[in-house]
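One structure below.
All of the numbers you see were taken from the coordinates with simple rules; none came from a lab. Given the structure is predicted, the values throughout are model-derived calculations rather than measurements. Heads up, the Cβs are rebuilt from the backbone with ideal geometry, glycines too, and the neighbour counts pull from every protein chain shown.
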Amino acid sequence: MNSIPRIWFVVAAISVVSEAVLADTVWNKQGVAVEGEVLRDEPGKPLVFRCKHKGEWRTFEISRDDIRKFTRAPGDQSDGADLPSDQGEEENSDEQASTNGEDRRRHVVRKLPQPLVRCAELTPLLQEIVPAPKNAAPEVVVLHLNGPIALPTVADIGKIISSGELDVLLDFASQRNPLAIVLKINSGGGRVDEMDAIIERLLQEQDAPKNHRVVAWVNLGGSAAALTALACKELVMTSQGRLGAATFIYGNGEAVEAPDTALEQKMAAMRDARRRQVATLTGRPLAIQDAMEKPEHQLWHHPVLGFSLEEQDDSEWDAYDADENKPLALDAKSAVDLGIAVGIANDAKSLLAALKLSSDTHVVDIDLAAPEFQAGLQSARAADESGNQAIKAFEKRVGKEIDDAVLAIRAATGIQMANNGYTLNDLRVFRSAVAKLQSPSIDSKTREYLKKVNPDRLEFYELKLAHAQRLLKRARQATDDASRADGISIGAILSDIELAKHSLLEVQIGRDLPEE
């Protein structure tokens, strides 16, 4: 969601307010009007408003202090969801976990980056750069995980941590039958959905029948990265390492509210079940995760009685987090003292010592940020960039059809609200708007690219576009068949166009929207 720039808010009306159709209108303090659609109007919160900016529809949050007044056009013009800008909204956090969850109350829909690659380009590159072990010599494989936890793209390989990359790295490492797979983590956190996928994979690696020894080696483990590290049976800290502060927040920095709907409660129950799985697998108490995720919990420790999430006045209890407003974050010494970490290591030699492995064990470092890996990904990135450009062009065509649908809906709404008071010009504008409605098809370049990197998304696009095409064809046919003004079934045509627009919006943002 964008915050609307004050300067833009003054000048945008010059090009936007001229459309002679029904529209919601916002006036700023200087009396300048901007037409568009009010998507959310909640007392005490910024107005969420969608309008054209530089020829494209954008969604903004406008402070109430910047608004003189606003009016709503008759009928429901809301998209039912926030339409992000081309750049989308950043969901990664360098400090705390963020969520991309289904949040109907906030009407937030985030645009997933394109494409969601499967990181298949990595496997042959790993085989080429990292030779197979000689004579089955014992080794430890260290996988460097740097940057925010985010969705995988070819462009960001080596700069982020994603479930796609980690799947490939773990597959590659496990085939070498190492004594241990070490995840060298340096991350402030990021996307919760990617963290969930990573944790699921780590649980599978360490549980029967695989029973692989997976170790987290943490320099910076914030938020989602902290919970990822805690999913490893063993944890080693660097001397300057930090671990914790795992509260869940939205991309705008606000805390995620406690679950209150049946669906949210159901999802929370499943998360709690997985937290218990992690605690059972690793042997670490749930109190550690509770204190890191929930600021209201404190963390006190007793040498015999263990942990407490409430304040203790006995001198034998040590406070590791006595603040009810901040989540738990541990330094290296505290993590070791509490038994969360098995030791401290700053280099390969001390890492082997902490893991109680022989000092002559070979350590294999795999860092995708290294020049040899980055050079090997150049051709894949070139193809990715070309595919991305094709997708952007396709999305722009979809956006144009959404604009046309909005104009047709407004024209139809005007006739519907006017009953018999509409003019022949109103009817002409309506018929012209409906005649323009077409659902774009997927061009061959976009189709081939998506077939390679994300066939599920291609299938989703085709399904939604086919649905929109059927609805718009029916709306055009109904308009063409009418021989006179009173023969037009405005209500049915309007419903078809609105449903088609909904499907096109789902194509543009790449996911299903909740029905309002």
Gain in span if fully extended, Glu42 to Asp456, counting 0.36 nm per residue against the direct Cα distance: 145.5 nm
Around Asn219: net Lys/Arg minus Asp/Glu count, Cβ-Cβ under 9 Å: +2
Global form of region 322-454, assessed from the alpha-carbon gyration tensor, a/c cut-off 1.5: oblate
Cα coordinate range in region 393-516, projected on the principal axes (Å, largest first): 53, 29, 19
In nm, spacing of pseudo-spin labels at Gln416 and Leu263 (7 Å Cα→C-beta vector): 2.4
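Let me know the shape class of region 246-352, please: from the alpha-carbon gyration tensor, a ≥ b ≥ c as square roots of the eigenvalues, rounded when a/c is under 1.5, otherwise prolate if a/b is greater than b/c, or oblate. Don't jump to the answer; show the numbers that get you there.
Working: a/c = 1.77, a/b = 1.40, b/c = 1.26.
Prolate, because a/c is 1.5 or more and a/b exceeds b/c.
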Region 170-266 shape via C-alpha gyration tensor axes, a/c threshold 1.5: oblate
For Arg242, distant residues with modelled amide H under 5 Å away: Leu220, Gly221
Surrounding net charge for Arg284, when Lys and Arg each add one and Asp and Glu each subtract one, Cβ distance under 12 Å: +1
Cα-projected label distance for Ala353 with Asp403, points at 7 Å along beta-carbon direction, nm: 6.6
